[in-house]
Amino acid sequence: MKFKVCAAVLCAAITFAPVAFADKKSEDYVAAQANAVLTLLSDESLSDTDRTERFRETLNSFAYLPDIARRVLGARGRELDEASFDRYKSAFEEFAVAVYQKRFNEMHGSAITIEGSTDPAPRRSLVTSLVKSGDSAKGTRVIWDVLMSEDGKRYRVRDVGIDLNGSVLWLAQDQQAQFEAYLDRHNGEIDTLITSLEQKTAKIKAGFQSGTSDLRNLDIKALD
């Protein structure tokens, strides 16, 4: 009887324990990509234009913005014709590059520490890292949503979340809700969204140059 009780308790613990399998390969992948970005942004031999283009290439190499661009549109992303999607994709890429270059640029010259990972689904890991510079005791927490290919040989970042004082800004997850709501308010007009993205991107870049851009105010509803 005692054995049966112990077995039942063990079974329950296995069944209801949260998924938290540290994936060393995905953690190593994130460490390599993050260090590549921070090294790039610290390269003083690059002009501002070259740095932005290299950052765009690096971001696309591990996150692949066209996939994220379509995903954040939800069902509407599958309904767009190719020409409309291409126009939107270009505007979204400029927006995403501006947002994340601004934030990662504030971390250049920093050291990254992988704090651990959890596996919310097969082939998928959430890797938490802490980026810490010498003049910051607290550091910035960055969460990477990583998907492994079916053959287990490649990794791709599905989303990147940056902790802004306890509120995580996700590139894809948060923007999907905002984009869908925006399109609902504008009868699904993709060109209206494109214009709003272009305006928002210009505002972020202007703040980037002046050092006053606030990434906690990225909601495109403000452009209505």
Within segment 169-224, can you find the residues that are in contact with a Ser or Thr (Cβ under 8 Å, 6 or more places away or on another chain), modelled with pLDDT of 85 or more and not in a helix (DSSP H, G or I)?
His186
For segment 79-108, which positions are at pLDDT 85 or above and either surrounded by fewer than 17 Cβ atoms within 10 Å (Cβ to Cβ) or touching a strand residue (DSSP E or B) at 6+ places or on another chain (Cβ under 9 Å) (or both)?
Glu79, Asp81, Glu82, Ala83, Ser84, Asp86, Arg87, Ser90
Within segment 150-168, considering residues that are part of a strand (DSSP E or B) and of a type in the set (Asp, Glu), the one surrounded by the fewest Cβ atoms within 10 Å (Cβ to Cβ):
Asp163
Return yes or no: is Leu147 in contact with a strand residue (DSSP E or B) (Cβ under 7 Å, 6 or more places away or on another chain), modelled with pLDDT of 90 or more and surrounded by 13 or more Cβ atoms within 10 Å (Cβ to Cβ)?
yes
Could you list, in sequence order, all residues of segment 124-144 that are of a type in the set (A, V, I, L, M, F, W, C) and either touching a strand residue (DSSP E or B) at 6+ places or on another chain (Cβ under 6 Å) or at pLDDT 90 or above (or both)?
Leu126, Val127, Leu130, Val131, Val142, Ile143, Trp144
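The values are calculated or read from the model by the stated rules, or taken from the named source; none is laboratory data. No experiment lies behind these values; they were computed from the predicted model shown. Every residue, glycine as well, gets a Cβ built from its backbone with ideal geometry; the counts of neighbours run over all protein chains shown.
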